[in-house]
Amino acid sequence: MADSGSDGVPGSSGKFRGTLTWREEPQYEEARVGRVFNSRRPQRFPRAVLFAESVEDVIAGVRLAHEHNLTISVRSGGHSWDAWSVRDGSLLFDFGRMREMSYDSQSGVATVSPSITGGELNSCLDPFGMFFPGGHCPDVGLGGFLLQGGMGWNTRGWGWACERIAAVDLVTAEGKLMHADERENPDLFWAVRGSGPGFFAIVVRFYLRPRPKALTRSTFVYPMEAYDQVMHWLHGIHQSLDSSVELVTIGLQLPIPGDAESAMRHSLVVHTLCFADTPEVARAALAPMESCPALAQALVRDICVPTSLQEEYEEQRRQNPAGDRFAADNLWLSGPAKHMVPMLKPCFESLPTARTFALWYSMAPLRPLLTWRCLCSRKFTSRCTPSGPIRHTMPVAAHGSTIR
Ligand SMILES: Cc1cc2nc3c(=O)[nH]c(=O)nc-3n(C[C@H](O)[C@H](O)[C@H](O)COP(=O)(O)OP(=O)(O)OC[C@H]3O[C@@H](n4cnc5c(N)ncnc54)[C@H](O)[C@@H]3O)c2cc1C
């Protein structure tokens, strides 16, 4: 039976270093959605929100959820577009106040709390000349991002960000703290890399393997009229681009420098980032981007420009400003260019608002991925066996709008 606080809401706040807020309390609304990035607020209402400040808080919170027969939901960075963390009748664990972050240059392992963002981790790694492929938007939390795979910087060449998880610490549904890596609890370690919001435990700490960094970009802006030429050409070359190159194409309204015709032009941006160690290697890797048959029509040509993660983050922030209300549609597509290019064209051409953008992110070429077939027993203490390499990849298109 739950105890009752003096103000009529269930008690238990005294068990935590952090803050527990029940639905009846005045600060509840801020606790419920104050850390949700998308300003479209869901009509879902957790029973209470726990701002945990320690692993002990998380364990005590799981016990409290059992006592009150509550389901559990978790928020790390709050960047789920649909605010998955906000679930009816749950005890919502918010990690916003757990802020551990360090890098050990001896072992090459970074240790982070799940609420740490890709941008924050990279600020910490920068003095060591290291880099972690977190979300392109610097404010995305590593927790939700890594659990759902993580399409970070240069996923095309390096694979999913979750492939760079060395280990995790987690709290199970029984309230038990466990460590999981390749050898210790390998079934949990398998599940943490891709379960997304379906993961059945709470991750309290990630151990990550960053990589050395160097960045060069080539960026071309074409008028949207060149769409067919540019996209057919890209589908012809993206399979063979060097694996150090990330390729994204964006349809949006842009002011073109020196363009007297109009303030904004409906444009097609072809943006490539090369993560090679020397300028010479980057130049060679980016050279194919100058072979576009529509090159003469390009409104902007920035070729092999040294850049930094900070500059790239600034651009992402400009395109995805905090405080806006977002709606997003996604497509996961595969097929020959003669089908794909016309199929995507309406997404790029018919941007419904001046702030809408469409993007196509190349995942080619097909890369072998070790997949695991999980022979599950009733509990998740199962054996996992490798079932060999599979082929995976696909171009991805997304269409996003912000709604004021
Ligand atoms: C502007 C913007 C840019 C983005 N860019 C990218 C990108 O470049 N690449 C990409 O792959 N994705 C990107 N995303 C999507 C983003 O990765 C996902 O929405 C991700 O879930 C966000 O993680 P979070 O921790 O911030 O979110 P949250 O809303 O905090 O978490 C999402 C869900 O993950 C689960 N979860 C989170 N933390 C834990 C935990 N510690 N233990 C157990 N479960 C947990 C919960 O089910 C939670 O509801 C972007 C999103 C936005 C809004």
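The values are calculated or read from the model by the stated rules, or taken from the named source; none is laboratory data. Remember, it's a predicted structure, so these values are computed and weren't measured experimentally. Cβ coordinates were reconstructed from backbone atoms using ideal geometry, including for glycine residues, and neighbour counts include every protein chain displayed.
Couple of notes before you dig in:
- Which numbered condition residue 157 misses (of (1) farther than 23 Å from residue 81 by Cα; (2) in contact with a helix residue (DSSP H, G or I) (Cβ under 9 Å, 6 or more places away or on another chain); (3) modelled with pLDDT under 95): (2)
- Subset tally (residues that are farther than 21 Å from residue 97 by Cβ and without any contact (Cβ under 8 Å) to a residue 60 or more places away in the chain) for the stretch 136-165: 10
- Within the stretch 91-103, being crowded, with 20+ Cβ neighbours inside 10 Å and polar (S, T, N, Q) holds for no residue.
- When restricted to residues that are under 28 Å from residue 129 (Cα atoms), hydrophobic (A, V, I, L, M, F, W, C) and over 27 Å from the mean Cα position of the chain (by Cα), the stretch 278-327 contains 4.
- Residue count for the stretch 177-192, restricted to those that are more than 9 Å from the ligand (Cβ to nearest atom) and in contact (Cβ under 8 Å) with a residue 40 or more places away in the chain: 6
- Filter result (within 16 Å of the ligand (Cβ to nearest atom) and not hydrophobic (A, V, I, L, M, F, W, C)) within the stretch 59-75: 61, 71, 73, 75
- Selection of the stretch 312-356 for residues being within 16 Å of the ligand (Cβ to nearest atom), within 23 Å of residue 264 (Cα to Cα) and charged (D, E, K, R) yields 312, 314, 315, 317, 318, 324, 325, 355.
- Within the stretch 305-326, at least one residue is charged (D, E, K, R) and touching a Cys at 6+ places or on another chain (Cβ under 9 Å).
Per-residue answers, yes or no, for (1) within 16 Å of the ligand (Cβ to nearest atom); (2) polar (S, T, N, Q); (3) crowded, with 19+ Cβ neighbours inside 10 Å:
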site: 194; (1), (2), (3): yes, no, no
site: 199; (1), (2), (3): yes, no, yes
site: 212; (1), (2), (3): no, no, no
site: 223; (1), (2), (3): no, no, no
site: 234; (1), (2), (3): no, no, yes
site: 239; (1), (2), (3): no, yes, no
site: 243; (1), (2), (3): no, yes, no
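- Only residues that are farther than 29 Å from residue 360 by Cα and touching a helix residue (DSSP H, G or I) at 6+ places or on another chain (Cβ under 7 Å) were counted across the stretch 97-151, and they come to 5.
- Within the stretch 56-83, being closer than 16 Å to residue 203 by Cα and under 24 Å from the mean Cα position of the chain (by Cα) holds for 58, 72, 73, 74, 75, 76, 77, 78.
- Out of 118, 78, sole residue that is surrounded by 19 or more Cβ atoms within 10 Å (Cβ to Cβ), modelled with pLDDT of 95 or more, touching a Lys or Arg at 6+ places or on another chain (Cβ under 6 Å) and not assigned by TED's automatic domain parsing to the domain that holds residue 320: 78
- For the stretch 81-90, filtering for residues that are surrounded by fewer than 23 Cβ atoms within 10 Å (Cβ to Cβ) and either near the ligand (Cβ under 6 Å from one of its atoms) or not assigned by TED's automatic domain parsing to the domain that holds residue 32 (or both) leaves 2.
- Only residues that are more than 22 Å from the chain's Cα centre (by Cα) and within 30 Å of residue 142 (Cα to Cα) were counted in the stretch 217-240, giving 4.
- Scanning the stretch 130-151 for residues that are more than 6 Å from the ligand (Cβ to nearest atom), small (Gly, Ala, Ser) and buried (at least 24 other Cβ atoms within 10 Å of the Cβ) yields a total of 1.
- Residue-level check: of (1) aromatic (Phe, Trp, Tyr); (2) more than 24 Å from the chain's Cα centre (by Cα); (3) at pLDDT below 95, residue 45 misses just (3).
- Residue in the stretch 90-97 that is among the acidic types (Asp, Glu) and in contact with a strand residue (DSSP E or B) (Cβ under 6 Å, 6 or more places away or on another chain) present: yes
- Residue list for the stretch 177-190, filter: farther than 15 Å from residue 205 by Cβ and part of a loop (DSSP other than H, G, I, E, B): 182, 183
- Flag for residue 111 being more than 9 Å from the ligand (Cβ to nearest atom) and in contact (Cβ under 8 Å) with a residue 40 or more places away in the chain: yes
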